[in-house]
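**Q** I'd like to ask you about the structure that follows.
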Amino acid sequence: MATCVTGCAPAVRFCQRVNRLKTLDNDIMATSLKRCLSTFDLTLMGVGGMVGSGLYVLTGTVARDMVGPAVILSFLFAGVASLLAAFCYAEFGARIPKTGSAYMFTYVSVGEIWAFLIGWNVVLENMIGGAAVARAWSGYLDSIFDHAIQNFTETHVMQWNVPFLAHYPDLLAAGILVVASFFISFGVQVSSYLNHIFSTISMGVIAFILVFGFVLAEPANWSQKEGGFAPFGLSGILAGSATCFYAFVGFDVIASSSEEAKNPQKAVPIATAISLALATTAYILVSAVLTLMVPWHTLDPNSALADAFFRRGYSWAGIVVAIGSICAMNTVLLCNLFSLPRIVYAMAEDGLFFSFFARVNPVTKVPVNAILVFGIFMAIMALIFDLEALVQFLSIGTLLAYTFVAASIIVLRFQPEKTCSKETATTSPNTNAEPSPAATESQTITENSGEMEEYESFSDKLQLVEREKKRERRGVGQLRAYWEPYLGWLLGDFEPGEVVAFCVLALMVSSVSLCAVLEFGNNQLQLPVWSFTMLLVIFSLAFVISLALIWIHEPQTKKKTFQVPLVPLIPGTSILLNVFLMLKLSSLTWVRFAIWIAIGLCVYFGYGIWHSKEGLRELQPKDMAARYVVLPSGSLVETVQSVQPDGQVDTSSHHISPTTAVTSEEHLEKR
C-alpha cells in the first residue's frame, strides 16, 4: 500500500501543479495600465465589438445558405444563449477587474492549465475575428467599386486554388489591420475616441436601414413561393444559431477592459447588459428587413445589405449602407485589436506566455509589443484565408470560453474567498503543505484556553469576533443546515466547495453526453427508440441531480458587486446551450480546434509551466511566519517567528495594543 502511495505521489504533485489557482492581490484595483474608461465608453466598445461584419455580412450568409428568413430565430436563440454567458462575464468583470477576460476568470477558479487553454483559444478567437472582419471590410469596399480590387489582384498580382485558402491574397484587408494596429498602440484613449466616431456613424446607418428597409419590404418574400419562412427546418435554425454566435463574441471586450475602467464594479455589468440588448435588437430587425426586401435565396453573401438596395434600384442607398458597414467593421477591428493584446499581456504577466509581451509602454500605458506582433499575425491570416473558413472556426473557441466561464462562476460562488497581498503570498508557504507543530499548538490554545486566543492572520480574528452568532450559519461551500440531517452522513465530511467542484465536473460531463445523444443518437448512431430514450433520461437526471447537489450548499452572500441570479441554474443552462451549439459545428472545425489545442499544450509544457509566477511563488522558502495573539481583554499582540533551518523558532513580539501581553510560548510554559 505504501509503495502504491509513493508511486502515485509524482502524479498527484503534477496534477496539483497544473491545477494551481491564481492568487489575487488585496488591492484588486492596482494596475500598471491606465484607468480612464467610463460606462459610456465600455457600452460603445461592446456595441462596436458586436455590431459589425456580423450584421452586414454574416446575416446574408446564414440566411442564404443555412436558415432562410428564419435567421431571425437563429439570432434570437444565439442572443439568449449569449445573455446567459454575458451574466457570467459581467459578474467576473465587476468582481475581478483584471484584464484577461475568460483566461483570468478560469485561472482564479478552476486551474492553471485550463486557464492557459482558454486564454490560448481566446487569442485565436480574436485573431480570427480580426482577420474575418478585415476580409469583410475589404469585400464591402470592393463591392462599391464593382469588384475592381479583386479583379486587379487576380489579374496582376496572383491567385491560387488551394483548399481552405482564399482565391487571391487580400492585400487591402492585411493593410487595414496594420494601420489599425498602429493607431491602437497610441493608447486606450485614442482607441476609445476612434470607437466613438465609428460607432456613431454605424448606428446612424442602422437606423437608416431599418426605416428605409421596412418601406421597401415585400411580405411575399417570406411566402411558400420563395421557399417559406423556415425552408431548412428546425435543424437549420439551430445550426444557424451556432454560426450566429460569431455576431455576439464582441461583448467580452468589456470584461477585457475592466482593468482600464474607472469604476468596473458598476460599469461592467451595466455596459454588458445595454450593449447586448442593443446588438440583439439590431440583428433581429436588420435580418427581417433584409429577407423582406429581396428573396433570401438571391442574397449576395459578401455584401448582402448593400446589394439588396442596389437591386431595388436605390444605388445611392447601397453606397450609404456600404460606408456605414465599413465604419461598423472598423469598430470591430478596433475592439479585436484592443482585446487581444491585453489577454496576451495577462498571460505573459502571469509567466504563462513569453515575457516579451508583458512589457507596457511607460508613455501610452499599453502593451505595445503584443499589439504590433499580433496585429501582424492577424494581417497574415486576413491575407490568405477566406471569410467562411474563418467564421466557422471562430465559434468553437467562443463557445468553449463561455462554457468554462459559466463553470467558473459556480465554482467561485461556492468557494471560500482566498485573497492575499503580494507580500504575504511571497513569504507564505505552499497551501498544500502540512501544518507545522507551532500551528497545531496555537490551534489547541484557541480551542482549549479561555485566557488567550491565537490566529494565523489578523483577518481571521476579525472574522471570528462574533463567533457565537456565526456558529448558527454554515460556511461558504458547506452543506446547508436544513439538509444536514438528511445528507450530512454522505456529504458532511468534505472540504468546503469540494462537493460543488465534483458536481460541476459531473454537470459538464452530463451536458456533453446529453447533447451528444440528442445530436447523434438518431442519425449517426441510429440508436433504437428504447435505448435513445433511456440515455436521455439517464443524462438528464445526472444534469438535474448535479444542479440540485450544488444548490443545497451555502453560496457566498457578498453583494457589493453584480452577481448572476439563480445560480447554479443560469450558469448550468448556459453550459448546456454552449455544449449543444458546439456539437452543431462541422467535424472539420473540431479537427482544426484539436490541432490548435495540441500546439497550445506544447507551448504550456515547453514554457508556461516552468515560468509560471504561481509556481515560482510556491517554490520560495518560508522565511517569516506571523501570528496574532488575542488576550481576553481584547488587546492584540503580533508574534513574528523566524523559521530556522534546524527547525528552531526565534520569536519576538510587536505590541499593537498598549496593553501588556505575553507570547504563546510563555503561555505554554505556564500551562
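**Q** Condition (residue is open to solvent by less than 60 Å² (accessible area, probe 1.4 Å) and within 22 Å of the chain's Cα centre (by Cα)) applied to region 530-547: is it met by at least one residue? Please lay out each step first, then the result.
**A** Step one: filter region 530-547 for residues open to solvent by less than 60 Å² (accessible area, probe 1.4 Å), giving 531-532, 535-536, 539-540, 542-543, 546-547.
Of the ones still in play, those that are also within 22 Å of the chain's Cα centre (by Cα) are 547.
Yes.
**Q** Please determine, by comparing only the residues of region 564-595 that are crowded, with 18+ Cβ neighbours inside 10 Å and among the small types (Gly, Ala, Ser), which one is farthest from Trp120 (Cα to Cα).
**A** Here the answer is Gly572.
**Q** Any chance you could count how many residues in region 76-103 are farther than 14 Å from Ala267 by Cα and open to solvent by 10 Å² or more (accessible area, probe 1.4 Å)?
**A** Qualifying residue count, region 76-103: 5.
**Q** Shifting gears a bit: Determine the pairs where a residue that is modelled with pLDDT under 90, located within region 176-196, has a partner that is open to solvent by 40 Å² or more (accessible area, probe 1.4 Å) and among the charged types (D, E, K, R) with Cβ atoms under 9 Å apart, the partner being 6 or more residues away or on another chain.
**A** Here the result reads Gly187/Lys34; Gly187/Lys365; Val188/Lys34; Val188/Lys365; Gln189/Lys34, each pair linking region 176-196 to a residue that is open to solvent by 40 Å² or more (accessible area, probe 1.4 Å) and among the charged types (D, E, K, R).
**Q** Would you confirm whether or not region 289-303 contains a residue that is open to solvent by 40 Å² or more (accessible area, probe 1.4 Å), of a type in the set (A, V, I, L, M, F, W, C), touching a residue at least 12 places away in the same chain (Cβ under 8 Å) and closer than 30 Å to Arg64 by Cα? Quick ask: steps written out before the conclusion?
**A** Looking only at region 289-303, we keep the residues that are open to solvent by 40 Å² or more (accessible area, probe 1.4 Å), and these are 297-298, 302.
Now restrict to residues that are of a type in the set (A, V, I, L, M, F, W, C): none.
Within region 289-303 (the criterion being open to solvent by 40 Å² or more (accessible area, probe 1.4 Å), of a type in the set (A, V, I, L, M, F, W, C), touching a residue at least 12 places away in the same chain (Cβ under 8 Å) and closer than 30 Å to Arg64 by Cα), the answer is no, since none of the residues qualifies.
**Q** Could you identify the single residue in Ile254, Ile176, Ile201, Ile206 that is open to solvent by 50 Å² or more (accessible area, probe 1.4 Å), part of a helix (DSSP H, G or I) and within 30 Å of Cys36 (Cβ to Cβ)? First the steps, then the outcome.
**A** Values: Ile254 fails: open to solvent by 50 Å² or more (accessible area, probe 1.4 Å); Ile176 fails: open to solvent by 50 Å² or more (accessible area, probe 1.4 Å); Ile206 fails: open to solvent by 50 Å² or more (accessible area, probe 1.4 Å).
One residue alone meets the criteria, Ile201.
**Q** List the number of the failed condition for Val509; all other conditions in (1) open to solvent by 50 Å² or more (accessible area, probe 1.4 Å); (2) at pLDDT below 85 hold.
**A** Here Val509 clears every test but (2).
**Q** Within region 456-468, is even one residue at pLDDT 85 or above and surrounded by fewer than 17 Cβ atoms within 10 Å (Cβ to Cβ)?
**A** Taking region 456-468 and keeping what is at pLDDT 85 or above, we get none.
No: region 456-468 contains no residue that is at pLDDT 85 or above and surrounded by fewer than 17 Cβ atoms within 10 Å (Cβ to Cβ).
**Q** May I pose another question? Being in contact (Cβ under 8 Å) with a residue 60 or more places away in the chain, farther than 21 Å from Ser339 by Cβ and touching a Leu at 6+ places or on another chain (Cβ under 8 Å) narrows it down to one residue among Val205, Val286, Val249; which is it?
**A** Working: Val205 fails: touching a Leu at 6+ places or on another chain (Cβ under 8 Å); Val249 fails: farther than 21 Å from Ser339 by Cβ.
Answer to the check: Val286.
**Q** Something else about it: Quick one: what pairs do we get from region 504-523, first residue without any contact (Cβ under 8 Å) to a residue 40 or more places away in the chain, second outside any helix (DSSP H, G or I) and open to solvent by 30 Å² or more (accessible area, probe 1.4 Å), C-beta under 6 Å, 6+ apart or different chains?
**A** Gly521/Leu527
The values are calculated or read from the model by the stated rules, or taken from the named source; none is laboratory data. Just so it is clear, the structure is predicted and the values come from calculations on it, not from any experiment. Please note: Cβ atoms are built from the backbone with ideal geometry, for glycine as well, and neighbour counts cover all protein chains shown. These accessible areas exclude ligands, DNA and RNA; they are computed on the full protein's heavy atoms, side chains included. Shrake-Rupley method; radii C 1.70, N 1.55, O 1.52, S 1.80 Å.
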